[in-house]
Structures are given as C-alpha cells and as structure tokens.
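Report on the following structure.
What follows is calculated from the coordinates using simple rules that are stated; it is not laboratory data. All of these numbers come straight from a predicted model, not from anything done at the bench. Note that each Cβ is placed from the backbone with ideal geometry, even for glycine, and that neighbours are counted across all protein chains shown.
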Ligand SMILES: [Zn+2]
C-alpha cells in the first residue's frame, strides 16, 4: 500500500526519523523531498550510489536511464547490483533494488540510449538531472538539455583517483560549456573504462551529486553553483574552484544552441565504423575454423599481463606505426585493447596506412573474456 509521507503513520515517522529531527529538514523538508523528482542518466558507478541515497532519502519520483546489462566488471563500483543481477537489464535490477529499499519511491525506467532525439522529451518530466554517464557526448547532451529546459544538472566525472563535481543551473550560473566549450580530442583523454577507476571514488562523487540534489530540493546550504569541486582521493584533497559564466558561451549566454546536436559526432568518438569492427563471436568462430588472422594486442605491457588472447602478438599502441612495416597489406588483421576504444584508433591508423583488412575487436579483451566465461558456464551447466 502506498502511504503519503504527510500522514506520518508510524512506519513513515520511523523511516525518516533521523531526517525529521534535523531542523533544516524536518517535516517540511521531508515533504519537499517527497514532492520532487530526479532523473539519473547512467546507472553505473556514479548512478549507483546516487540512486541508492536519493531513494533512501525519500525522493518521490526517480527516473533511471540506461541501456546496458549488468556485467561482472561493473560490480567493483556499481554497488546497486549484486552477483545475482549479472546479465539482467540495469534499469530493471536497479528499480527492483530501489523498491526493496524504499517502497515510497516511484521508479520510472528508460531502457534506451539517450540522444538528441529523445532527451528533452524524457528530461522535461523531472526537476533535476544527474549525470551518471561519465562520457563526453552524454555530458554535453545533458548540459545543453539543461539550458534548453532551464533546469539544474549535476555534473560528475571520475578517472582513476580523481573526480569532479559541479552543480549547474544555467538560470543562475555557468553551464558545462562555459567550463569546457569544446570536447577534448578523442585521443587525448582515456575513458573511465580504458584508464580504470577506483571504485570508492565513484561512491564519493556519486554521493556528492545526490547530496547536491537533496540540498537544492530542501533549499538549504550552499550549492556547488559556479564552483567545481575537484576530488583527489590519493592525497585526500578536496579543492573548490570558482567557475564563471562565459559571456561568449554558445549555449547559456548567446543562446545559439537552440536544438540538440549529434554529440557523438561533436566529440568525434565511437568504436569506429561497422566495417572496421569484428565481434568476439565472429573472431572465435573464424579462429576455430583455422582462418589466418594476424592478432595484434595494442595494450601497454602492464595491461597485457592481466589477461591474454592466445596467439596474439603484443605491440603497444605507441609502437604500432613503426612495427606495421612487417605486416602484409593483403592480410587480415584484428587489433584489440582493453575495451575496444584504443583498438578503434589502431584499426583506423592501420587502414590509413593501407591495411584495408584491419579490424578492431569490439569490446576488446573484456568482451573476449566475458564471452569465454559465458561459454564455460554453458559447458559446466
Ligand atoms: Zn554556458
């Protein structure tokens, strides 16, 4: 049965008792939380703690956007999932977990990839947008959407031991484009999957994003508005930098961006064109049939120690161009890295050098290991 928080029956009183006795929250604040809505885009490392704390705090309506399934490599930081959820749709598993934590919360799920075609339609139904995606195309998409919809957007990013958070409200302060007008070149910044991330850092940054949402709803305290919090977990230093609204900003100042654009294109990323990709299933099958394929592992030496694919030669990405001289332009080449992103660059470079049959292993060794693990499970059961 659904019980409104205002009635304060025993269970509701007990559930929120530690909030209700804080003067800054109280009954009034708890009512505000109940009447608010937050959408979390990306139910991953940042989304997991954000969703759990928002739900526990009693946010009335929570939206979750994600188009992935739960994988074993997620469990090191995506604490909303358990071993039992492996292979399940993330939105389904997250919804179930939230409902078991706090049945007062209405959870709405969007099992899709958010893009220019659907973002405004989805986001307009919520008071606050939280970026749990940790990738540039989605972050620019969400920032521009927050400008167009005039609603707050809480930015968070993580890489190895370092994180950033900012509360962006284009009506009152700078937007994300004021901070970073252009995305970095795709080759300059490794993604979280490629460079790794400390699981605990995701917990800290995602929790701070949820904290900012709760403070905004309560109308209490000082937000990270016009400020960028930089978190360095290795030295345990929290630095707050001031960021200004850029009078030249195309999005929030000059209002030149009146529609959402193609952000993948804007950021120049992706695993590469379809014909430059090979799936793990296809590669495994071709190798089993005895196809002659030159397998090239472009990971760094410390990465190749972690997991190997039999028969691959190891040529770190930085040595690829000088080593490619001994390849034959007619041969079939499959390059791979940890997640498929560096591999895409490698395949592109080889194609430009004239190796027209070079392809990138989609998903890299992670996909390969995951496929092999699932095959083993099948034989064992
Ligand atoms: Zn701006």
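The angle between the Cα long axis of helix 364-380 and the longest principal axis of the Cα atoms of the chain comes to about 90 degrees, rounded to the nearest 10. With Cα atoms as the point set, the radius of gyration and Dmax of the chain evaluate to 23.0, 76 Å.
Taking the DSSP beta bridges with both ends in the stretch 36-266, the antiparallel portion is around 50 percent.
Once the Cα atoms are used to define both axes, helix 136-149 deviates from the longest principal axis of the chain by about 30 degrees. Enter the angle in degrees (range 0 to 90, nearest 10) between the Cα long axis of helix 199-218 and the first principal axis of the Cα atoms of the chain, meaning the one along which they spread out most. Computed tilt is about 30 degrees.
Once the Cβ-Cβ distance of residue 370 and residue 27 is raised to the sixth power relative to R0 = 56 Å, the FRET efficiency obtained is 0.70. Both the radius of gyration and Dmax for the stretch 1-116 are 15.1, 45 Å, in that order, over alpha-carbon atoms.
Between residue 106 and residue 250, what is the FRET efficiency for a Förster distance of 35 Å, r being their Cβ-Cβ separation, to the nearest 0.05? Step by step, r from the Cβ atoms, then E = 0.45. Computed per residue of the chain from DSSP H runs no shorter than four, each worth -39500 (n - 2.57), the mean residue ellipticity at 222 nm is -10500 deg cm²/dmol. Taking 0.36 nm per residue of separation and subtracting the current Cα-Cα distance, fully stretching the chain between residue 162 and residue 381 would add 74.7 nm. Under 11 Å from a point 7 Å along the Cα-to-Cβ line of residue 180: which residues of the stretch 106-122 have their amide N that close? Inside the label zone: nothing.
The distance from the alpha carbon centre of the stretch 238-257 to that of the stretch 158-182 is 9 Å, rounded to a whole number. For the stretch 25-71 versus the stretch 119-156, the inter-centroid distance based on Cα atoms is 14 Å. Computed extension length for residue 82-residue 11: 22.8 nm, one decimal, from 0.36 nm per residue of separation with the Cα-Cα distance subtracted.
Full extension of the chain between residue 314 and residue 326 gives 2.9 nm of extra length, using 0.36 nm per residue less the Cα-Cα distance.
Taking the inverse of the average 1/r across all pairs of different Cα atoms in the stretch 271-380, what Kirkwood radius in Å do you get?
Working: mean 1/r = 0.0719 Å⁻¹.
13.9 Å is the Kirkwood radius here.
What FRET efficiency, computed as 1/(1 + (r/R0)^6) with R0 = 25 Å and r the Cβ-Cβ distance, is obtained for residue 117 and residue 171, rounded to the nearest 0.05? Before the final figure, lay out each step's value.
On the way: r = 25 Å, r/R0 = 1.01.
Approximately 0.50, to the nearest 0.05.
Packing-based ranking of 221-228, 339-346, 40-47 yields 40-47, 339-346, 221-228, ordered from highest to lowest mean Cβ neighbour count within 10 Å.
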